[in-house]
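Asker: Have a look at this one before I ask anything.
The values are calculated or read from the model by the stated rules, or taken from the named source; none is laboratory data. Keep in mind the model is a prediction, meaning the values are calculated, not measured. Every residue, glycine among them, receives a Cβ derived from its backbone with ideal geometry; neighbour counts consider all protein chains shown. For the accessible areas, the whole protein counts, side chains as well, though only heavy atoms, and no ligand, DNA or RNA atoms are used. Shrake-Rupley method; radii C 1.70, N 1.55, O 1.52, S 1.80 Å.
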Amino acid sequence: MTAISSTADHAAVRDASIAVAEGRARARLRRRHALVIGLRLAILVVFLGLWELGADYNIIDPFFFASPSGIRDQIRVWVTEGTSQGPLWLQIYVTLEETFLGFVIGAVGGIAAGIILGRNRLLADVFSIYIKIANSVPRVVLGSVFIIALGLGMASKVALAVVMVFFVVFANAFQGVREADRAMIANAQILGASPFQITRTVIIPSAMSWILASLHVSFGFALVGAVVGEFLGAKQGMGLLISTAQGAFNANGVFAAMIILAVMALVVEFIITRFENYVVKWRPAPFNEQGT
Amino acid sequence: MQLQPMAAERLSQAAPPADAAIAIDDVTLRFVTPDGHMMTAIRDFTMTVARGEFACVVGPTGCGKSTTLNLVTGLLRPTTGNVRVMGNPVNDISRDIGFVFQADALFPWRSVIDNVAAGPLYRGTPKAQAYERARDWIGRVGLGRFEKHYPHQLSGGMRKRVALAQTFINQPKILLMDEPFSALDMQTRTAMQDELLGLWSEQKSSVVFVTHDLEEAVALADKVYVLTAGPGTVKSVYRIDLPRPRVMADIRYDPKFVEIAKVIWNDLREEVQLGQSRTLQTGH
Ligand SMILES: Nc1ncnc2c1ncn2[C@@H]1O[C@H](COP(=O)(O)OP(=O)(O)OP(=O)(O)O)[C@@H](O)[C@H]1O
Ligand SMILES: [Mg+2]
């Protein structure tokens with residue numbers, strides 16, 4: 001006859017086997033993560049390696065298409081000796097400043113306009129036609145107008161960045177306000193909220209995910225606005241750096257500036273994502289991220 | 001006219017008295033549909049709820065029950081007829097009214113305690129006091145440990161309890177409830193019904209409680225309104241003379257309750273069938 005093990009033993013055995021299974025699952029996740037990172041690096045190395053080899057053996061003409069080592073050297077020169085227009089940091093700073101100013105003004109304006117028109121049907125009906133017209137103008141063309149009107153300084157770049165950002169944010173904020181749940185608004189009304197309180201505590205939070213989604217893209221647009229503005233005429237900035245490099249047929253310079261811009265955009269994107277996670281922490285995590 | 005010599009007395013409809021908590025007098029409401037037609041949601045609708053009275057409204061789906069409640073809040077205006085609350089015509093959204101919605105209407109970006117405190121804060125109560133009262137109400141609906149949770153982290157039943165606390169904290173004189181418990185399981189629902197009756201007798205508010213569930217209506221109400229299939233109007237009104245306090249878990253086995261429910265069900269059945277065949281015909 002075998003002894004019947006006590007429930008306490010059972011529980012201990014069960015806990016142990018759960019711990020083992022958990023450990024295995026964690027190890028599997030870690031391995032997968034390492035694999036993904038490794039594959040990403042491998043692709044980058046292969047890509048750059050092929051490009052470099054192609055340039056070395058003149059399959060890809062480095063005069064037109066640059067080469068990784070050339071780009072690296074160019075960035076090193078810019079960092080150590082500065083660019084033809086002054087130190088690299090100054091160029092980055094100028095472009096970032098224009099971008100930020102344009103982004104903030106455009107976003108604030110777009111959010112405000114979106115909320116006002118979203119809350120007021122008459123205004124929305126009246127202005128919708130003008131917004132459609134303004135939105136259909138290719139905005140980059142406005143850059144020339146701004147440079148004529150505002151000169152070669154910072155104002156014209158900021159203005160171009162503002163119009164690039166404004167319409168995207170406006171459209172999203174407007175939509176977000178319109179999609180706000182009617183039951184929720186009615187609930188707030190009956191609980192005693194004034195129209196202003198409803199806007200502040202119901203409309204804006206519920207439009208927030210729409211607005212944040214637009215901020216992601218529109219920072220990129222602000223950067224495009226600033227760079228294109230500098231391209232069209234400026235005394236400082238990354239756009240000018242690109243246009244100078246272009247004028248000198250310096251492909252390495254164009255690519256180097258492009259990479260610097262990409263890094264800038266990625267860093268800001270990261271910051272915006274952080275901000276978004278902070279603002280909408282009430283949102284349920286997607287199912288595949290839960291429990292980790 | 002005494003049709004049923006029993007607890008469910010069928011009442012005849014008279015013009016509402018001036019001091020009633022809610023008086024809906026011969027109201028018709030038409031909606032303009034998106035294609036520009038007029039759609040009658042309710043017609044020739046008369047309903048009176050005395051102060052401190054618990055009225056239930058039953059009727060087939062789409063007959064205008066939610067619409068009726070919205071008339072009382074002032075969110076909808078009657079096309080003809082008039083609505084009075086506490087003797088005054090409905091102009092603005094009254095501070096005396098509390099509304100538990102059919103759909104989930106909690107604010108998902110606010111934690112439980114922020115949701116419950118919303119009413120007092122909107123009405124200008126100082127913060128500390130509002131949160132103190134909110135904490136009290138959260139305790140009363142049994143969610144003390146969940147103050148800091150967000151609505152998406154709660155079960156459906158818990159969310160409904162938050163909604164109740166959110167409404168009750170304003171101590172409304174008039175309580176409108178639109179199928180508040182229809183999404184709950186049997187046990188939770190019974191517990192919530194007991195809770196509601198307790199709160200109601202404590203606060204002495206006047207209640208209009210909409211439900212699909214006739215037994216729920218009979219168990220809770222002083223008065224049951226049976227509506228016709230849409231466009232809705234009052235088909236009949238029954239007074240329910242079951243003794244109070246009532247215990248929800250037991251009342252459904254009370255022979256008197258069963259008898260009343262049967263009588264009203266006979267009345268309601270035709271309308272439900274009519275409503276169903278109509279929805280099937282129109283395909284929605
Ligand atoms: N805003 C609106 N515009 C047009 N028609 C509406 C509107 N709201 C409600 N209706 C119509 O009015 C009728 C009554 O709607 P209501 O929501 O009052 O029904 P209900 O009795 O509450 O139904 P249920 O029991 O399914 O909740 C329905 O036919 C509906 O289609
Ligand atoms: Mg309804």
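Asker: Could you look through segment B:61-87, keep only residues that are crowded, with 23+ Cβ neighbours inside 10 Å and within 11 Å of ligand 2 (Cβ to nearest atom), and pick out the one that is farthest from the other protein chains (Cβ to nearest Cβ)?
Answerer: Looking at residues that are crowded, with 23+ Cβ neighbours inside 10 Å and within 11 Å of ligand 2 (Cβ to nearest atom), I get B:Cys63.
Asker: Would you say A:Gly233 is surrounded by fewer than 18 Cβ atoms within 10 Å (Cβ to Cβ), more than 14 Å from chain B (Cβ to nearest Cβ), more than 30 Å from A:Phe270 (Cβ to Cβ) and of a type in the set (Gly, Ala, Ser)?
Answerer: no
Asker: If I ask for residues that are open to solvent by 50 Å² or more (accessible area, probe 1.4 Å) and within 11 Å of chain B (Cβ to nearest Cβ), which ones from segment A:178-194 would you list?
Answerer: Within segment A:178-194, A:Asp181, A:Arg182, A:Gln189 qualify.
Asker: Further question on the same structure: What are the pairs, 6+ residues apart or on separate chains, where a residue within segment A:75-95 that is surrounded by fewer than 16 Cβ atoms within 10 Å (Cβ to Cβ) has its Cβ under 6 Å from a residue that is modelled with pLDDT of 90 or more?
Answerer: Close Cβ pairs (under 6 Å, with a partner that is modelled with pLDDT of 90 or more) amount to A:Val79/A:Leu88.
Asker: Considering segment B:115-124 alone, what residues qualify as being more than 8 Å from chain A (Cβ to nearest Cβ) and surrounded by fewer than 19 Cβ atoms within 10 Å (Cβ to Cβ)?
Answerer: Passing the criteria: only B:Gly124.
Asker: Test B:Val27 against the criterion of being more than 14 Å from chain A (Cβ to nearest Cβ), within 14 Å of ligand 1 (Cβ to nearest atom) and open to solvent by 50 Å² or more (accessible area, probe 1.4 Å), and give yes or no.
Answerer: Numbers: more than 14 Å from chain A (Cβ to nearest Cβ): yes; within 14 Å of ligand 1 (Cβ to nearest atom): yes; open to solvent by 50 Å² or more (accessible area, probe 1.4 Å): no.
The answer is no for B:Val27.
Asker: Mind telling me which of the residues B:Val49, B:Val58 ends up being modelled with pLDDT of 90 or more and more than 13 Å from ligand 1 (Cβ to nearest atom)?
Answerer: Details: B:Val58 fails: more than 13 Å from ligand 1 (Cβ to nearest atom).
Answer to the selection: B:Val49.
Asker: Would you list the helices (runs of 4 or more DSSP H) that sit entirely within segment A:192-275 and hold 3 or more residues that are assigned by TED's automatic domain parsing to the domain that holds A:Val140 and aromatic (Phe, Trp, Tyr)?
Answerer: In segment A:192-275, A:204-232 are the helices (runs of 4 or more DSSP H) which contain 3 or more residues that are assigned by TED's automatic domain parsing to the domain that holds A:Val140 and aromatic (Phe, Trp, Tyr).
Asker: Related question: Output the number of residues of segment B:194-213 satisfying the condition of being within 16 Å of ligand 1 (Cβ to nearest atom) and open to solvent by 20 Å² or more (accessible area, probe 1.4 Å).
Answerer: Result for segment B:194-213: 2.
Asker: Is there a residue in segment B:142-165 that is more than 14 Å from chain A (Cβ to nearest Cβ), assigned to a loop (DSSP other than H, G, I, E, B) and within 16 Å of ligand 1 (Cβ to nearest atom)?
Answerer: No, the conditions are met nowhere in segment B:142-165.
Asker: Among the candidates B:Gly64, B:Gly74, B:Gly81, B:Gly87, which residue alone is touching a Lys or Arg at 6+ places or on another chain (Cβ under 9 Å) and either of a type outside the set (Phe, Trp, Tyr) or under 26 Å from B:Met38 (Cβ atoms) (or both)?
Answerer: Unique residue meeting the criteria: B:Gly64.
Asker: Is at least one residue of segment A:137-151 closer than 19 Å to A:Phe196 by Cβ, open to solvent by less than 60 Å² (accessible area, probe 1.4 Å) and hydrophobic (A, V, I, L, M, F, W, C)? Spell out how you get there, then give the answer.
Answerer: Step one: filter segment A:137-151 for residues closer than 19 Å to A:Phe196 by Cβ, giving none.
No; the residues of segment A:137-151 include none that is closer than 19 Å to A:Phe196 by Cβ, open to solvent by less than 60 Å² (accessible area, probe 1.4 Å) and hydrophobic (A, V, I, L, M, F, W, C).
Asker: In addition: Of the residues B:Ala183, B:Ala191, B:Ala134, which single one is more than 30 Å from B:Gly87 (Cα to Cα), without any contact (Cβ under 8 Å) to a residue 60 or more places away in the chain and within 16 Å of ligand 1 (Cβ to nearest atom)?
Answerer: One residue alone meets the criteria, B:Ala183.
Asker: With respect to B:Asp104, determine if the residue is within 10 Å of chain A (Cβ to nearest Cβ) and not aromatic (Phe, Trp, Tyr).
Answerer: yes
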